[in-house]
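Read the figures in this text as sums done on the coordinates, not as results from a lab. Owing to the predicted nature of the structure, the values given are computational and were not obtained by experimental measurement. With ideal geometry, Cβ positions are generated from the backbone for all residues, glycine too; neighbour counts draw on all protein chains shown.
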Amino acid sequence: MKNFSENDYLNMKKNEHKIIGGTNHGKVVDEIMQRDFEKIKNFPYNSYDYIQKWQLERIGEIVDFAYENIPLYRKKYSAIGYKKGTIKTWEDYRKLPILYKDELIEGFPYDIVKNVNDFGLSTRSSGTSGKFVTLSLSIDAIYTDTMQGVRQFLLQNAQNYKPEDKILFIYTLPWWITSINGKYEQDFLPTTASVEEVVKKIKETKPKIISTYPTYLTKINSYGINLKELGVELVVIHSEQSTRQSRNLLEKGLNVKVLDEYSSEELTRIALECPYNVYHLEEDACYIEIVDPITKKTLNYGKQGIVVGTNLLNLSTPIIRYYQGDLAEIGESIACKCGNNCRVLKSIKGRYMDSVITDKGEIIPASAFMDMAYNWFCFLAIPIHGLRYQFIQRTKDVLELYLIKGKYEIDLEKITNSIYLLIPKTMKLSIIMVDNLPELGLKYKPVVSFVKDGK
Ligand SMILES: [Zn+2]
């Protein structure tokens, strides 16, 4: 087997524009939409029985394809004696071993695709210890994803999203298809753009919806901008954890509705917050279950555990029973006013890796610390806007809190007391005042923990 270098990958990526640029993909999507969009649009409103039946069938196809064509799965599933056509029930599905990010990183390039040239169309996300996960994408998956994107904004903006409406993405990279044959146009600005540039763009192109990171929206908010006056009706935030309380503050500050999108590079859209603030799973984008962090057994409705999911769109690098690593719980489909019949995701609590593990082995999710920080703002007049605090756990018995001093006097005793409502007295707390937070990667993380047993 010849060695595949980073250069080989980059050369392949150079061909990407030929693959993407060679065809008018927006036109292709438009044609597919004429035929399929009603079905895609209505999918969440089917009965949950229908949804589940559809999912199991789709999963059966994907697992068989992966077993027959993708070396990583061939090895993994042969080891448990898998035979083509085995997936008949959810029990069969749950017998498949869980897939971890490290396996995708180690399997790159040969073991995670049918043909190495498939990386001509691919995406990367940051992985553990600075290594990247590279996933090959099929153009069909990109098409379906694009149409599910249209449905996303219909769903989140209470069906008020028309072909002539524009969306502004303030993000790292633009989406592959930025217009569906002149309809549903997307504009793009990188997150390095200044707020002045963003305001100028909004005035020029009049987007109805903005999609960005919570950190960037917080930055816009600090400029005292009234987005409603500029014609924006909805802001969707994603990629970083945010709480409903922090979104309420942003809504008030920016005078616009702010809803969350829970998604990942590997699983695409996982769940979307509807106008009634319920997170409905995107059941035709990925199939989600919750597993116990230690035993990895699937948990019932209402039990907190780790999000594991199967991507139902992309066969190029199949993602099956993938350990997403976030703490959450699933609830049954509910009679939501929006009419969505998909199961609901309750209390997304951030990554298990970012939760604090006490010296007694108790898991305190990042969201508990975020809620507490919100209380500092409300009751202790401590500013929490932007990157003002960060908890870091380096050893089991010590928790560090880094604070950037705002214009207010901070009552450290009150902060200390509030933190000890969450962590046991046996843990040491050290509060450190800084000018810059210590752990700043691409995304702001309110809690960073280096203390975990296993995955
Ligand atoms: Zn709803």
Could you please rank T358, T317, placing first whichever residue has the fewest other Cβ atoms within 10 Å of its Cβ? T358, T317
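Once you list every other residue whose beta carbon is under 14 Å from the beta carbon of G22, what net charge do they have if Lys and Arg are +1 and Asp and Glu are -1? Walk me through the numbers on the way to the answer.
Numbers: positive: K14, K18, K27; negative: E16.
That works out to +2.
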Amide H to amide H, which residues 5 or more places from V278 or on other chains are under 5 Å from it, using H placed in the peptide plane? none
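Once you have a ≥ b ≥ c as the square roots of the Cα gyration tensor eigenvalues for the chain, tell me rounded if a/c is under 1.5, and otherwise prolate or oblate according to whether a/b is larger than b/c.
Numbers: a/c = 1.56, a/b = 1.20, b/c = 1.30.
Note, shape of the chain comes out oblate.
Which loop chymotrypsin sites (Phe, Trp or Tyr not before Pro) in region 408-449, with loop taken from DSSP, have no more than 13 other Cβ atoms within 10 angstrom of their Cβ?
Details: sites: Y408, Y420, Y444; in loops: Y408, Y420, Y444.
Those that pass, being in a loop and sparsely packed, are Y408, Y420.
Could you give the length gained on full extension between I431 and T178, defined as 0.36 nm per residue of separation minus the Cα-Cα distance, in nm? Could you put the intermediate results ahead of the total?
Values: separation 253, 0.36 × 253 = 91.08 nm, distance 4.59 nm.
Extra length from I431 to T178 when fully extended: 86.5 nm.
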Projected label distance in nm at N248 and K13, using a 7 Å step from Cα toward the beta-carbon: 4.2
Packing-ranked peptide list from 163-176, 194-207, highest mean Cβ count within 10 angstrom first, is 163-176, 194-207
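For region 1-143, with only Lys/Arg (+1) and Asp/Glu (-1) charged at the beta-carbon, what is the dipole magnitude about the Cα centre, in debye rounded to 20? Write out the running numbers ahead of the final one.
Numbers: 22 positive and 20 negative charges, 40 e Å.
With only Lys, Arg, Asp and Glu charged at Cβ, the dipole is about 200 debye.
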Roughly what would the spin-label model give for F37 and Y110, points 7 Å off Cα along C-beta, in nm? 4.5
Label-point separation in nm, E204 to K27, each point 7 Å along Cα→Cβ: 2.7
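Please identify the trypsin sites (Lys or Arg not before Pro) of region 285-392 that satisfy two criteria: DSSP loop assignment and at most 15 other Cβ atoms within 10 Å. Which are they? Before the final figure, lay out the partial values.
On the way: sites: K296, K297, K303, R321, K337, R343, K346, K349, R351, K360, R388; in loops: K296, K297, K303, R321, K337, R343, K349, K360, R388.
Passing both the DSSP loop test and the Cβ count: K297, K303, K337, K360.
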About the Cα centre of region 1-348, what is the dipole size in debye to 20, counting +1 per Lys and Arg Cβ and -1 per Asp and Glu Cβ, all else neutral? 160
Can you give the extra length, in nm with one decimal, that the chain gains between Y45 and K337 once fully stretched, where that is 0.36 nm per residue apart less the Cα-Cα distance? 104.0 nm
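Trypsin sites (Lys or Arg not before Pro) within region 25-110: which are DSSP loop residues with at most 15 other Cβ atoms inside 10 Å? All intermediate terms of the calculation are to be shown ahead of the outcome.
Numbers: sites: K27, R35, K39, K41, K53, R58, R74, K75, K76, K83, K84, K88, R94, K95, K101; in loops: K83, K84, K88, K95.
Those satisfying the criteria are K83, K84, K88, K95.
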Reduced to Cα centres, the span from region 239-269 to region 180-232 in Å works out to 15
In nanometres, the difference between 0.36 nm per residue of separation and the alpha-carbon distance of T416 and T295 is 40.1 nm
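In the structure displayed, which of K41/K75; K346/K425; K27/K201; K18/K75; K75/K360; K296/K405 lie more than 31 Å apart, Cα to Cα? Don't jump to the answer; show the numbers that get you there.
Working: K41/K75 37 Å; K346/K425 29 Å; K27/K201 26 Å; K18/K75 33 Å; K75/K360 38 Å; K296/K405 42 Å.
Over 31 Å Cα-Cα: K41/K75; K18/K75; K75/K360; K296/K405.
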Using Cβ contacts closer than 10 Å as the measure, can you line up T218, T134 from fewest to most? T134, T218
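Sort Y67, Y213 by Cβ crowding within 10 Å, fewest neighbours at the top. Provide the component values of the computation, followed by the final result.
Details: Y67 23, Y213 20.
Going from least to most buried by this count: Y213, Y67.
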